[in-house]
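A.B. asks: I'd like to ask some things about the structure below.
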Amino acid sequence: MAKAKVTFLDTGVTVSVPVGTRVIEISEKVGAGLIYGCREGDCGTCLMKVEEGWNNLSEPSVVEEKVLRENMAGKHFRLACQAQVLGDISVRPA
Amino acid sequence: MIKSTYAATQPGAVAISDRVHWIGALDPSLRTFDIILKTANGTTYNSYLVRGSEGMAVIDTVKEVFSETFFKRLESVADYSEIKYIVLNHLEPDHTGALPELMRRAPQARLFISQRAQSMLKALLKHDQFEFTPVMTGDTVSLGDRTLRFLNTPYLHWPDTQCTYLEEEKVLFSGDVFGCHYCDARLFNDRVGDFRFSFEYYYAHIMRPFREYVLKALKLIEPLPLSMIAPSHGPVLRDRPDQYLLHYRRLATSALDSEIGQEKSLLIFYISSYGNTARMAEAVYEAVGEIEGVRASLYDLEGGEVAPFVDLIEEADGLLFGTPTINGDAVKPVWDLLSSLAVVQTRGKLAGAFGSYGWSGEAVRMVEERLRGLKMTVPVEGLRIKLIPTDEELDACRAFGTSIGRALIGDVENRIVEMVQR
């Protein structure tokens, strides 16, 4: 299975994960600082800043785009419960 | 229009300035609000009507069961056809209960809400067949010779909250901010009974968890000239409104400056039946004390009460909980503290758990789950030791303390892990 490296800059952990995994699942497993509320892409709690590898995440859905807009998030911000890992990325909690 | 002191006991609207009327409802028999709040003399749902040369605006509505009172007051000073705008500062049902009926009676009115209120509005009204305009700080709408300006003040106490400022009259319609559950038909702060306790109590339960947002909102509000603060619950603050801004600033800032200063504060709470978890706590405490830039404090939960510990937690950067396992669970004093943190912000703090156990040791994992549930980061896996810690096990406690301390000062060692199910 294809693998990618996800680095959580707040806790300094790099995790090797199967491509397609959602960022929140990884954060939860390794105790990084990304936290979640609804896990349905609605509440915005899991907002994260993607420092590297912006193009290595799945495209945001219409719903995620809307939540990002309502939260006035900048262009390198994503919801960890929605974004799936496609390649190497570095993230931190927003 | 009624001029008597107990004006709000009459069915009409109450003038609070030349162009603003109170059209809210009194709820004197309410004793519990939103499950979490008590009130000894009820509350009010304040709604306001603003008259401009080119139409009127309704600011917030009331709880649904008080709709009839609200519409009667409104009708005493306005025709529905005159209502140009409806502004919702906060979508909680006690302020939006009468909204669907108001929209039906005044279909021409444009609805103004905050950006974050959009998805909530749909969930409240349960259909998509309505229009609204989301607004941000600085947006204005005109009523001819009167102007409403919006201030985006999120998380006071929901994501959607905003304030609306009537520029020409210098009135701030603040929503729940500066409000309290205090029902008094005399309406104005210089006429009602002693509502100081209710004001403080409301802040402590509703606004305190969001104090960083209170400070942000104050930055927007403080520069405004104010003749009056018109909140959505409790007295209208027309006498010395600035004092209430000052008081909010005081409440949102620590009473006593911490002596800890720039160092990171780590609180270690523990409780122990045979002294084993206590010995673990002491070893952790000792190791954290060696880390420069971290100031640790050690507390035995048996010797303290919940409320002051909650105050300490509000200010801390990191928290550790030492708990034994008794009958497969963490012990009650630990849960008592961990179930009392809704009134403070815990998001983003570092946290961890440890404890001695006899045979199964579930408590540490359960406490870790709770800490994550409180949106804290748990950077180091909890430490469980069977019964009496050996010297090697006390070394493990020290290593645990060192890792937590280093994580607190951001000294994180980059480690690489494979994702496996655990």
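The values are calculated or read from the model by the stated rules, or taken from the named source; none is laboratory data. In this text, all values refer to a predicted model and were calculated from it rather than measured experimentally. All Cβ positions, glycine included, derive from the backbone under ideal geometry; neighbour counts span all protein chains shown. Remember, those area values only see protein heavy atoms, side chains included, never the ligands or the DNA or RNA. Shrake-Rupley method; radii C 1.70, N 1.55, O 1.52, S 1.80 Å.
A.B. asks: Percent of Cα-Cα pairs per 20 Å bin, from 0 to the last occupied bin, for the protein assembly as shown, please list those.
C.D. replies: Result returned by the calculation: 21, 45, 29, 5, 0.
A.B. asks: If you don't mind, there's one more thing I want to ask. List the residues whose amide H sits under 5 Å from the amide H of residue B:419, counting only those 5 or more places along or on another chain, with H placed 1.01 Å from N in the peptide plane.
C.D. replies: When sequence neighbours closer than 5 places are left aside, the close amide H contacts are A:16.
A.B. asks: Hey, what do the phi angles of the range B:353-365 turn into as Karplus ³J(HN,Hα) couplings, whole Hz, using 6.51/-1.76/1.60 and θ = phi - 60°, x for Gly and Pro?
C.D. replies: Values per residue, Gly and Pro as x: 9, 8, x, 9, 9, x, 9, 10, x, 6, 4, 4, 5 Hz.
A.B. asks: Leaving out ligands and nucleic acids, note down the accessible area per residue over the range B:198-265 with a 1.4 angstrom probe, in whole Å².
C.D. replies: Value for the range B:198-265: 50 Å² per residue.
A.B. asks: Roughly speaking, what % of Cα-Cα pairs in the range B:115-211 are separated by over 24 Å, rounded to a whole number?
C.D. replies: So the portion of pairs separated by more than 24 Å is 39 percent.
A.B. asks: Select from A:41, A:79, A:7 the residue farthest towards the positive end of the dipole of chain A; place +1 on Cβ of Lys and Arg, -1 on Cβ of Asp and Glu, and compute about the Cα centre.
C.D. replies: Positive-end residue among those listed: A:7.
A.B. asks: If one puts a single equal scatterer on every Cα of chain B and applies the Debye formula without solvent, what log₁₀ I(q)/I(0) results at q = 0.08, 0.09 Å⁻¹?
C.D. replies: Log-scaled intensity ratios, in q order: -0.55, -0.66.
A.B. asks: Starting from a Cα-only point model with no solvent, please compute log10 I(q)/I(0) by Debye for the range B:284-334 at q = 0.17 1/Å.
C.D. replies: -0.65
A.B. asks: From the backbone phi of the range A:69-77, what are the Karplus-calculated ³J(HN,Hα) couplings (6.51 cos²θ - 1.76 cosθ + 1.60, θ = phi - 60°) in whole Hz, Gly and Pro given as x?
C.D. replies: My calculation for the range A:69-77 gives 5, 4, 8, 6, 7, x, 6, 9, 9 Hz in order.
A.B. asks: With both bridge residues required to lie in the range B:264-408, what share of the DSSP beta bridges run antiparallel, to the nearest 5%?
C.D. replies: Taking every DSSP beta bridge within the range B:264-408, about 5 percent pair in antiparallel fashion.
A.B. asks: If you don't mind, another one. If each DSSP helix of 4+ residues adds -39,500 (n - 2.57) and the sum is divided by the residues in chain B, what number results at 222 nm, nearest 500 deg cm²/dmol?
C.D. replies: -8500 deg cm²/dmol
A.B. asks: In sequence order, what are the phi-derived ³J(HN,Hα) couplings for the range B:8-21 according to the Karplus relation 6.51 cos²θ - 1.76 cosθ + 1.60 with θ = phi - 60°, rounded to whole Hz, with x for glycine and proline?
C.D. replies: 6, 6, 7, x, x, 6, 10, 6, 10, 7, 3, 10, 10, 10
A.B. asks: How large is the dipole of chain B about the Cα centre if only Lys and Arg carry +1 and Asp and Glu carry -1, each at its Cβ, rounded to the nearest 20 debye?
C.D. replies: 1180 debye
A.B. asks: For helix B:211-221, report the angle its Cα long axis makes with the longest principal axis of the Cα atoms of chain B; keep it between 0 and 90° and round to the nearest 10°.
C.D. replies: Here the helix axis deviates by roughly 30 degrees.
A.B. asks: Follow-up. List, in the order given, every pair from B:264/B:332; B:84/B:126; A:29/B:219; A:5/B:216; A:49/B:63 whose Cα-Cα distance in the structure shown is over 31 Å.
C.D. replies: Those over the limit are A:29/B:219; A:5/B:216; A:49/B:63.
A.B. asks: Please give the helix B:241-252 orientation as an angle from the longest Cα principal axis of chain B, in degrees from 0 to 90, rounded to the nearest 10.
C.D. replies: The angle comes out at about 10 degrees.
A.B. asks: Counting helices only, and only those DSSP H runs with n ≥ 4, report the 222 nm mean residue ellipticity of chain A as the sum of -39,500 (n - 2.57) divided by its residues, in deg cm²/dmol to the nearest 500.
C.D. replies: -5000 deg cm²/dmol
A.B. asks: Amide H to amide H under 5 Å from residue B:110: which residues, 5+ apart in sequence or cross-chain, H placed 1.01 Å off N in plane?
C.D. replies: Residues meeting the criterion, in which the H sits 1.01 Å from N, are B:85, B:86.
A.B. asks: Between helix B:67-77 and chain B, what is the angle of the helix's C-alpha long axis to the longest principal axis, kept within 0 to 90° and rounded to the nearest 10?
C.D. replies: The angle comes out near 40 degrees.
A.B. asks: Sorted from largest to smallest, which semi-axis lengths in Å does the alpha carbon gyration tensor of the range B:7-252 give for its equivalent ellipsoid, taking the root of 5 times each eigenvalue?
C.D. replies: 24, 20, 19
A.B. asks: Continuing with this model, one more query. Quick one: in the range A:1-87, what % of C-alpha pairs are over 18 Å apart?
C.D. replies: 37 percent
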